[in-house]
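Report on the following structure.
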Amino acid sequence: LQKDKSFFLKIVQANNLEFLKYVSKELRNDRDFQMLLGKEDLKLRRQLYDGQDNFALIRSLDRIGKFLFKLRWYEDALELKKEALERVRRYFTRQDHPSLIGWLRSVANTLHKLKRYEEALVLYEEALRIERGHYKGKYPRNLVRLLNKKAVTLRELMRYEEALELDKEVVEIVRGNH
């Protein structure tokens, strides 16, 4: 396995980003190796798209950020997720673009895990504003998820009355009366 890792790493370093489909099953399931590959992929994409907000680079940042989040390395995950969000904002230019919602929620969730509730709340509110402006009840599951996250964050900040109002709104949406 160790020999395979060094061989495949050399392929990645040679800028062959398509090699992953050839990686053995054991290596695909090796977390350390996945992280190493992800970092190499990100490094290569940074070189390739130097200064550009290319979506492949943004996805690489996000993928590694999610992987670090799963490993509970929240500070490291936050750094990459924030960079991805920054680049996505420039990529889409419109600050109310619906594609921003998931990126905002991702950064907010990471901030929440780090107990940085005020910062998380700002991003949940921005995501809610975009969600309400674009979907107007078409996808209540996304709205409910954001409302719940915001309510949990408000409770952490001991803002119970505001959280209760959001809970009531969620109940109305679920009942279909909203």
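Points to keep in mind about this one:
- Cα coordinate range in segment 92-168, projected on the principal axes (Å, largest first): 34, 26, 15
- Simple spin-label estimate for V171 and D76 gives 4.4 nm between the two label positions (7 Å along the Cα-to-Cβ direction from each Cα).
- Rounded to the nearest 20 debye, dipole of segment 71-178 from Cβ charges on Lys, Arg, Asp, Glu: 420
- Cβ-derived FRET efficiency at R0 35 Å, Q52 paired with R145, nearest 0.05: 0.65
- The length gained on full extension between V122 and R89, counted as 0.36 nm times the residue separation minus their Cα-Cα distance, comes to 10.3 nm.
- Taken one residue at a time, the phi angles of segment 78-85 give Karplus couplings (6.51, -1.76, 1.60, θ = phi - 60°) of 4, 4, 6, 5, 5, 5, 4, 4 Hz. Gly and Pro are set to x.
- P(r) weight above 26 Å for segment 39-178, C-alpha pairs, percent: 29
The numbers here are math on the coordinates, done by the rules we state, and not lab data. Note that this is a predicted model, so its numbers are computed, not measured. With ideal geometry, Cβ positions are generated from the backbone for all residues, glycine too; neighbour counts draw on all protein chains shown.
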